[in-house]
Amino acid sequence: MRGETGPAHAPTVQGKMYHVMLGPGDIPPYVLLPGDPGRIDQITETWDEAREVAYHREYRSARGVYRGAEIAAVSTGIGGPSTAIAIEELARIGVHTMIRVGTTGAIQPSIKVGSLIIATAAVRYDGASHEYAPPEYPAAASPEVVLALVEAARRLGVDYHVGVVASTATFHLGQSRPGYRGYEWSESRRRIEDLRRMGVLSFEMEAATLFTLAGLYGLRAGCVCAVIANRATDEFTPGAGVREAIMVANEAIRILQEADRTGSARTHSISDLASAIHRLYSG
Ligand SMILES: O=P(O)(O)O[C@H]1O[C@H](CO)[C@@H](O)[C@H]1O
Ligand SMILES: O=c1cc[nH]c(=O)[nH]1
């Protein structure tokens, strides 16, 4: 395996990475990363060709073709720890472009359930990234992946927002939800209010880990999430916008592959990105 310094360095079983059970050449280097293994089916349904490659623990993988682009999908499971394992192992088999396709809970009142959030960066409450780099190191998406996602959202005419998300290590207290029996404490109670004031768009649980490790390893990463909840309006609609998020991610992979192949991409997305950000921050 590329860059290995020995089996103990990154365990393999018959040439496959121990957790994802994939080896070099098993999947193309452009990969969608849903958290939920169940979302692999929703993703492969949108491709022109598809086949499952492996399924081990929370890591379900498939590969196929979307409108001429070779593409793969590997689920990360919930949270930073399992996501870090996936990235470490996928990097070792040659994956270089990753787009998280997730769901998220909006904390800004104006963000509608069913719309999409394209993350430019993530607040590192994920936990896992702190075992990789100091808190001052940014969890930032790759600019060209953000632009490809914005261009894709524009082409597909979906409602989207662009900005910073907060990745947490837990779904309940980490996102200012009370725990069992109503348990909470000072930090959990105030986090959502602080982040809302900071203009953070939503909560999810993997982007900060993905962006931190991709930054450290020189890999390309982005994230598009379906807004299935709004914490300000207390709405919760499981599945809202998931198909749109998948289609935007598929199209972004196609745009990136075209750019990688031809050195250019027919995109207007600088102006779209500017107008999207202006719309969001012009109040
Ligand atoms: O729908 P996925 O991709 O799993 O993403 C979100 O859903 C889970 C919590 O319900 C967390 O993984 C969070 O990041
Ligand atoms: O509220 C939500 C919804 C999806 N995923 C999260 O992490 N939080």
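The values are calculated or read from the model by the stated rules, or taken from the named source; none is laboratory data. In this text, all values refer to a predicted model and were calculated from it rather than measured experimentally. Note: ideal-geometry Cβ built from the backbone for every residue, glycine included; neighbour counts use all protein chains shown. Each accessible area value is taken on the protein alone, full model and side chains, heavy atoms only, with ligands, DNA and RNA left out. Shrake-Rupley method; radii C 1.70, N 1.55, O 1.52, S 1.80 Å.
Some points to look at:
- Of A50, A106, A141, the one that fluctuates the most in a GNM where the chain has Cα springs shorter than 10 Å: A50
- Taking GluC sites (Glu not before Pro) as exposed when DSSP calls them loop and at most 14 other C-beta atoms lie within 10 angstrom, the chain has its longest site-free stretch at 185-283.
- Across T168, T44, T237, mean-square fluctuation computed from a Gaussian network of the chain (C-alpha pairs under 10 Å connected) peaks at T237.
- Surface exposure of the stretch 18-263, expressed per residue as accessible area with a 1.4 Å probe, stands at 39 Å².
- Of the solvent-accessible surface of the stretch 18-263, computed with a 1.4 Å probe and all protein chains present, 53% belongs to carbon and sulfur.
- Inter-label distance for E187 and V65, nm, one decimal - labels placed 7 Å from Cα along Cα-to-Cβ: 5.1
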